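> I have a structure I would like to understand better, so I am pasting it below and will then ask my questions one at a time.
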Amino acid sequence: MKAQKNQNSKTMKLALIAPCGMNCRLCIGYIREKNTCPGCSLIDPYKTETRVGCIIRMCEKRKQLKSGFCYDCDKFPCTRMKNLDKRYRTKYSMSMIENQEYIKEQGIRKFVQKEKEKWACPNCGQLLSVHRDNCPLCNHKWR
């Protein structure tokens with residue numbers, strides 16, 4: 001898989017951190033060349049049904065929170081968050097709950113900086129995809 005042509009290989013925007021703690025910049029849906037997703041937090045009428053109808057993204061309780069993140073909810077982590085976290089820890093070695101706790105404690109800017117370092121390909125520096133074992137630019141197997 002090739003990196004998206006117009007995608008800066010090391011750019012990570014604050015707006016790409018989803019309400020659940022997912023870094024959309026690392027999602028295969030965001031970096032693929034066809035049917036790309038603009039990220040969970042951005043409004044786009046052409047998003048896939050799974051993005052539009054995401055229960056965490058559409059949660060009324062979360063929408064009322066000042067931060068917009070689940071970590072501020074009195075039910076955090078809720079059952080849906082625990083299930084999502086378990087799936088991502090098991091399949092992709094990433095924790096949405098840990099991401100949210102880090103954002104709450106250290107702030108979103110520090111989180112994004114940490115993510116840039118953590119998810120850079122050790123071979124070429126391109127940002128990796130949490131959903132793939134190979135770098136989208138140089139195909140280096142990193143996991």
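The values are calculated or read from the model by the stated rules, or taken from the named source; none is laboratory data. Here the structure is a predicted model, which means the values were calculated and not measured. As a convention, Cβ positions derive from the backbone with ideal geometry for all residues, glycine included, and neighbour counts pool all protein chains shown.
Quick grid of which residues meet (1) modelled with pLDDT under 85; (2) crowded, with 18+ Cβ neighbours inside 10 Å; (3) under 14 Å from the mean Cα position of the chain (by Cα); (4) not basic (Lys, Arg):
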site: Met12; (1), (2), (3), (4): yes, yes, yes, yes
site: Arg25; (1), (2), (3), (4): no, yes, yes, no
site: Tyr46; (1), (2), (3), (4): yes, no, no, yes
site: Glu49; (1), (2), (3), (4): yes, no, no, yes
site: Ser67; (1), (2), (3), (4): no, no, no, yes
site: Ile103; (1), (2), (3), (4): no, yes, yes, yes
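> Filter region 110-142 down to residues that are of a type in the set (Lys, Arg) and farther than 15 Å from Ile28 by Cα and give me whichever is surrounded by the most Cβ atoms within 10 Å (Cβ to Cβ). First the steps, then the outcome.
Going through region 110-142, the residues of a type in the set (Lys, Arg) turn out to be 110, 114, 116, 118, 132, 141.
With farther than 15 Å from Ile28 by Cα added as a condition, the list becomes 110, 114, 116, 118, 141.
Working: Lys110: 12, Lys114: 13, Lys116: 16, Lys118: 12, Lys141: 9.
The residue in question is Lys116.
> Here is a follow-up. Starting from residues that are assigned to a helix (DSSP H, G or I) and of a type in the set (A, V, I, L, M, F, W, C), keep the ones in region 69-101 and report whichever is surrounded by the most Cβ atoms within 10 Å (Cβ to Cβ). Don't jump to the end; show me each part of the working.
At the first step, the residues of region 69-101 found to be assigned to a helix (DSSP H, G or I) are 70-72, 79-92, 96-101.
Keeping just the survivors that are of a type in the set (A, V, I, L, M, F, W, C) gives 70, 81, 84, 96-97.
On the way: Cys70: 27, Met81: 23, Leu84: 22, Met96: 23, Ile97: 20.
In this case the residue turns out to be Cys70.
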